[in-house]
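Contents: one structure, followed by commentary.
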């Protein structure tokens, strides 16, 4: 066992280290961190800060994917919840603002979960509905404008700092801890892995697969709501058209880089977050390198491919079929 | 007994080169030898039974022959020529085709499309649908099968699906056909149809390697038997030189336990308090309303042909399907069994017939599979600690002799019999008052077979109520206190005590009065 554990996630950690090293090559001051007005600054902190929204999304996405599902609506949920938070920010107290936005995220997740678990609609189709409609709902909330606000309390969630760390990083870390406690501290993790691995067998073993499905989509909605609040707080406003745009794809990518199969079953929450950091480290590195930002997507694709190939059991010299299973054992 | 010497190299003394010659095959998984210097010769037009307990190495041998798993050592010759396929596709090109227990075809495509998938007749790059159907019809006609080849494969019985898979394999110029437990889910008539096909292929000179657990079938159709035990060749002999008792000894390496001995007769009325009583229970179009009493310390067996409503009955009892009429009483009080969770609350457990699709979670470890139902019963908020899980897994691995005794191994890597034991452990861990077993001994080897039957009796003696579905009438009569016979999705007969014997059950299944059964 002692030999097996470090091996899990080796390729992700190596990839992250390599990308950070590459960033250091193109920008020698990459690892410089300085303390200014009680807040840490530096490129590394920037990676964490900018990566926080996708990291938040990946916390929900990893559970959804482990259940053989997918949640395409998280970007739209970000827009909805950001719009709600921004619209209420100047007229209501912070608890009301946060409560409303988070409740909206939970409601969105409940809707997705209802479509998937109760009506039996395929997850990709079910969440596509909210992906499309959600952005429309966000536009209705903002009445087609970009809503700005001045509330310093809400702005603190995007631009403030706690113990020197940017608030989004602290929020993401707190959610990571909370997710780990809820999922791995209870038997939910086992139940999610069992349901994702074999839904029929799990239901016959007495697992409340339907309830867990709904709960997992609601958790994804909640994480997306928090990401939306952070994004709105960051720009002191809500842009219904662009908030969280395409971030669902980054979140799915983060989960896949983190080694969770789209076919469900085994998952790793921490590695999903590492996946989110890998994506952000690349984005930051490309900006720092002075390469035209247009190359970002292509470079990203190449790195992702490299990480996935490194994870592929076939590349480890194993044949198809059972080799896939044995490679895990041998490791 | 030269033929039984496991290390004897294949002799060319037979005059001609065997069709398929396996020499010194070895394979180890993580240092655990699964095959150890195994030899096997398959002649032209020979039906060759490959037998052995679960974990004996049959699957590994097949996978190493077809190249799905790379062998560590050994030589493979087809018609005297060395071959080394690295995948099932390469094996097929070389002339070795495999048809597995679970047919590996596309159930939603038509029979014709399945037969010609990947090699459809085309003109200008377009599939010639009519030509394909004509050829499919002709191909199946060779096997005496005249069906609508335009209908989806899934609309046909498993037997026909198997024949389609075989026809596809043979049509791709296969000279060696490996059949991996093709008969496990077929009824007696379907097996005969399959045998007819096998005999026809034999006449064409095709060599067939036939893996099965049914000894009757071995003697009905095979020419030669090779037995593996613990990854080694236990023996190989022509069928005429290997009487059944010798074969069983070879497979087990020991005498059969007392499993087939008669059960001591119970005093009538010795039954315990009813664990559950179903009255007028049923579901329209699924199974007709039935009455079913399940007393503690009693084994109630359900007998009948495939599709007679046996599995349907137990799914209703466990709440996997919702009944639309009738009542359940447990301990005198009216209860509801609308879902597996409700059934578990009443102390029911259920090992389904479809082990792979409804039983195991293949990726999870043996430990996780064993604790799954108990954990589900406790709910997510009361997790079993790792230590508790380890203890439970270790206890049942020891109790049921699950092999290999490694709780962290993914259960999908275990043999069928050991998977079944782990599933039994999953339910025993919940300490059920009623355990429902649907074909608990199907597709598993003789040894595990005997152990599971022994376990059924022990659990019964401890006061558990058991409801067992089984096609093995010889087994049923050894452990059942009551046999309910089903036909056409209805409960048609109920036998108790001294009424229980094989002829009586057969007569009830066939709907003939007991007296007529002898003459029929």
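Only the coordinates and a few stated rules stand behind these numbers; no lab work does. It should be emphasised that the depicted structure is a prediction, and the values quoted were computed from it without experimental measurement. Using ideal geometry, Cβ is built from the backbone for each residue, glycine included, and neighbour counts are taken over all protein chains shown.
Peptides B:327-340, B:33-46, B:148-161 ranked from most to least packed give B:33-46, B:148-161, B:327-340, packing being the mean of other C-beta atoms within 10 angstrom over each peptide's residues.
Measuring nothing but how far apart in sequence close Cα pairs (under 8 Å, 6+ apart) lie, relative to its length, region B:60-107 scores a relative contact order of 34 percent.
Seen against the Cα atoms of chain B and their longest principal axis, helix B:366-378 is set at about 30 degrees. Taking 0.36 nm per residue of sequence separation and removing the Cα-Cα distance, the residue B:244/residue B:408 pair yields an extension gain of 55.3 nm.
Estimated purely from DSSP H runs of n ≥ 4, each contributing -39500 (n - 2.57), the mean residue ellipticity at 222 nm for chain B is -10000 deg cm²/dmol once divided by its residues.
Reducing region B:324-365 and region A:69-137 to their Cα centroids gives an inter-centroid distance of 36 Å.
On the basis of the beta-carbon distance and an R0 of 35 Å, residue B:219 and residue B:138 show a calculated FRET efficiency of 0.55. For residue A:37 and residue B:378, what does the FRET efficiency come to when R0 = 51 Å and r is the distance between their Cβ atoms, rounded to the nearest 0.05? So the FRET efficiency works out to roughly 0.50. For region A:78-147, a/c is not less than 1.5, where a ≥ b ≥ c are the root eigenvalues of the C-alpha gyration tensor, and a/b does not top b/c. That puts it in the oblate class. According to the square roots a ≥ b ≥ c of the eigenvalues of the Cα gyration tensor, what is the shape class of chain B, taking rounded for a/c under 1.5, prolate for a/b larger than b/c otherwise, and oblate for the remainder? Because a/c hits 1.5 or more and a/b exceeds b/c, chain B counts as prolate. I'd like the distance separating the alpha-carbon centroids of region B:178-248 and region A:156-208, in whole Å. Cα centroid of region B:178-248 versus Cα centroid of region A:156-208: 52 Å apart. Between residue B:117 and residue B:501, the distance separating the two model label sites (each 7 Å from Cα on the Cα→Cβ line) works out to 4.9 nm. Fewest-first ordering of B:433, B:387, B:71 by other beta carbons within 10 Å of each residue's beta carbon gives B:387, B:433, B:71.
With respect to chain B, whose longest principal axis is taken over its alpha-carbon atoms, helix B:188-203 is tilted by about 10°. Straightening the chain between residue A:10 and residue A:26 buys 3.3 nm, computed as 0.36 nm per residue apart minus the Cα-Cα spacing. With both labels modelled 7 Å from their Cα along Cα-to-Cβ, the residue A:118 to residue B:291 distance reads 4.0 nm.
A straight line joining the Cα centroids of region B:114-130 and region B:482-506 runs 51 Å. Helical runs assigned H by DSSP (4 residues or longer) give chain A a calculated mean residue ellipticity at 222 nm of -22500 deg cm²/dmol, each run adding -39500 (n - 2.57) before division by the residue total.
In terms of surrounding Cβ atoms within a 10 Å radius of their Cβ, B:27, B:356, B:421 rank from fewest to most as B:356, B:27, B:421. The angle between the Cα long axis of helix B:129-141 and the longest principal axis of the Cα atoms of chain B comes to about 80 degrees, rounded to the nearest 10.
For region B:448-517, a Kirkwood radius taken over Cα pairs fed into Stokes-Einstein (4 °C, viscosity 1.567 mPa s) yields D = 100 µm²/s.
How much FRET efficiency would the formula 1/(1 + (r/R0)^6) give for residue A:163 and residue A:249, where r is the Cβ-Cβ distance and R0 is 41 Å, rounded to 0.05? The computed FRET efficiency comes out at 0.80. Spacing of the modelled spin labels on residue B:336 and residue A:178, each 7 Å from Cα toward Cβ, amounts to 3.4 nm.
Just check region B:357-431 against the gyration tensor rule for me: Cα atoms, a ≥ b ≥ c as the square roots of the eigenvalues, rounded for a/c under 1.5, and otherwise prolate or oblate depending on whether a/b exceeds b/c. Verdict is prolate for region B:357-431.
Seen from every direction in turn and averaged, the convex hull around the alpha carbons of region B:319-402 projects onto 7.3 nm².
Three principal axis extents describe the C-alpha atoms of region A:39-290; from largest down they are 53, 38, 32 Å. Computed over chain A with a Gaussian network model linking Cα atoms closer than 10 Å, the most mobile of A:249, A:115, A:190 is A:190.
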